[in-house]
Every structure is written in C-alpha cells, then in structure tokens.
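Structure first, commentary second.
All of the numbers you see were taken from the coordinates with simple rules; none came from a lab. Predicted model only: the values in this text are computed from it and were never measured. Every residue, glycine among them, receives a Cβ derived from its backbone with ideal geometry; neighbour counts consider all protein chains shown.
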Amino acid sequence: MDNRPCSCGYDCRSDSTQRQWSEVFCVASFLHAVFPRHHPWSLGHGSDSRCKWPGGERFLRGLVDAIRVKPLLSTTPDLLLAVLKKGTVSTNVYLRRIQNFALDMGWLPWPILRKKQFPKVKFKPKRGITEREHRRIIEREINPERRDFYELCWLLGGSQGDIASLTDEDIDWSDRLICYNRKKMLQRMQENPNLKPPMIKYGKKIEAVLKGRPSKGPLFPRLCAVRSSDRATEFKQRCKGLGIQGVTLHSYRYGWAERARKAYYPQRCAQENLGQQSPAVHRAYAKNAAVTIPSLDEWEELVANKIIDINQMPKVA
C-alpha cells in the first residue's frame with residue numbers, strides 16, 4: 001500500500017505504527033466489495049457495488065476527528081467509549097467490526113475495548129405496517145410500477161430485494177404458483193440440495209397485480225435496477241408525506257406475519273413463506289399480533305363439520 005490518497009479521501013499510510021482508523025475502514029471496505037458474503041475474507045452482509053459496507057458511509061461520516069486520524073496503537077478505551085456515546089447504533093456496530101478486522105490483520109496486539117465493554121446494541125422498536133397505512137400509500141402512489149411493488153410486498157410478505165427481482169420465470173400461470181429463490185437462503189440451499197424454495201399458491205388479488213406487470217423479463221424493470229437503499233428512501237418519502245411514522249419497507253414482512261397469525265394461518269406455512277426456519281424467529285416477527293386462540297373442542301368441531309379442511313394444511317415430516 002502506498003502513500004497516495006485512497007478513494008475515501010484520507011491518507012493510507014504504510015507505516016503500521018501510524019496506521020489510522022480511516023485506513024482500516026478503507027481496507028475493510030475493499031475486501032467486503034471483492035469477496036462474496038460467505039468467503040472467509042468477507043466482512044459484511046453482502047457485497048456492495050460502491051466498495052463500502054451497507055451503512056458504512058454513515059459510520060465514516062460519524063467518526064469524530066479525534067478517532068478518524070488517530071493511530072490505532074495510540075487509541076485508548078476511554079476515547080472509543082466517548083465515540084460510542086456520541087454516535088448511534090451504526091457507530092456501535094461498525095466500530096466492533098473495524099476493531100475485529102484490525103485484530104485479525106495483526107494491526108492490533110489486543111482489543112482496545114473487549115466485547116463485554118461495548119455498550120449493548122439497542123435497535124429502535126420495529127412494527128408491522130397496518131392495512132390502513134398500506135392503503136393510504138397505495139391510493140396516493142401514481143407510479144404504477146411502484147404501486148404494484150408495494151402491493152406485492154403486502155400480499156407476499158417478501159423482502160424488498162426478492163420482490164423487486166421477480167421475473168416472469170418465477171410465475172407458473174397454469175398452476176397459479178409463484179416460486180423464487182430468496183437471497184438470504186441461497187447459501188443454505190447450496191449446502192443442502194434437498195432444501196427447496198416454497199411454491200406459493202396465489203389468489204385473485206395477486207393475480208390482478210401480476211397481470212399488470214410485463215409478461216416477459218423482470219416484473220419491475222426500474223426497481224430491480226436500483227439500490228435497495230434507493231427503494232427504501234422512496235418509500236420513506238411517501239410515508240413522510242402521509243405522516244406515517246415508524247415503518248420501513250421491511251415492515252411489510254412484520255405486517256404479513258402479524259396478519260398471518262391473526263388469521264390462524266398455519267405457522268409452518270408462514271415460516272416457509274417468510275423464509276424463517278426457526279419458530280422463535282417467526283414468533284419474534286409476530287410479537288405485536290394480539291390473538292385469541294380457540295379451545296381444542298371448538299377446533300375439533302370445526303374440523304368435524306369440514307369448516308376447516310385439514311387436508312389443506314402442511315404435513316409435518
């Protein structure tokens with residue numbers, strides 16, 4: 001590594017005793033962009049075309065001058081704690097990663113702050129989007145592609161990246177099925193060939209949305225080509241204009257799980273749809289759903305009278 005300024009705008013020095021925090025971040029960002037997510041050298045949660053960790057730019061901008069240009073070896077625990085106190089959740093998360101990366105590279109002989117000394121990461125409370133909020137967004141949206149995108153997020157409960165990447169090949173019109181590979185499940189499917197993506201039987205509402213999309217190629221040609229952060233920003237702008245607070249695009253997944261539980265949708269089906277294999281994970285997704293469960297004798301009566309068809313429920317292997 002030479003002494004020429006890096007793309008981050010700071011001087012990346014070759015002298016290990018003078019190596020600054022900004023330089024460590026630059027090297028870590030480069031490795032994150034070059035190596036795939038599950039490679040031993042990968043440092044983040046997926047590659048980014050801008051050679052930065054997702055959210056890493058906010059972390060770098062948030063670094064106070066005292067640590068940005070501070071050599072690693074002369075950084076004290078009190079200084080890091082002061083930065084964490086001044087920063088946000090992102091500061092806490094990325095400072096942990098940066099320190100661990102410096103340790104792995106041998107640039108630090110031991111941790112400046114040990115794991116238990118870091119403040120506990122506390123994220124903002126998450127909630128699902130309500131049907132009223134969703135309808136307000138849909139009614140005001142004039143762009144048909146974006147409107148259909150929000151509608152499918154509501155109906156399918158998929159992540160924004162998976163829904164935006166849907167193509168005509170993911171749809172079986174004859175059997176009325178939608179089947180697509182979730183990005184978060186690709187690694188598990190490669191390790192376990194028997195693990196297959198679920199096939200979702202769609203109804204009239206989903207069919208109406210699909211018929212309004214292109215018959216060939218991507219269903220959302222523009223949205224699939226933009227960054228996830230751009231889609232999130234557009235959604236945030238629409239929520240702000242309507243006075244809706246506390247929701248993001250990911251809230252559609254929380255909302256879907258809460259609706260599924262309230263409708264007594266079989267938990268296994270809900271887990272398959274959301275891509276969550278752990279029952280604990282799904283319960284966390286639906287923690288805000290207020291449900292009154294029926295008694296067993298009432299449930300047996302519904303099954304006996306064929307009001308509920310148990311043959312339509314998933315079989316436990």
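A simple spin-label model places the labels of Glu207 and Trp110 6.9 nm from each other, with each point 7 Å out along Cα-to-Cβ.
Under 18 Å from the 7 Å Cα→Cβ point of Cys269, by amide nitrogen: which residues of region 198-220? Once the point is set 7 Å along Cα→Cβ of Cys269, 198-207 turn out to lie under 18 Å by backbone N, inside region 198-220. Counting only lysines at least 8 places from Lys240 when in the same chain, there are none with an alpha carbon closer than 16 Å to its own. A protection proxy built from the mean count of other Cβ atoms within 10 Å ranks the segments 152-160, 227-235, 17-25, most packed first, as 152-160, 17-25, 227-235.
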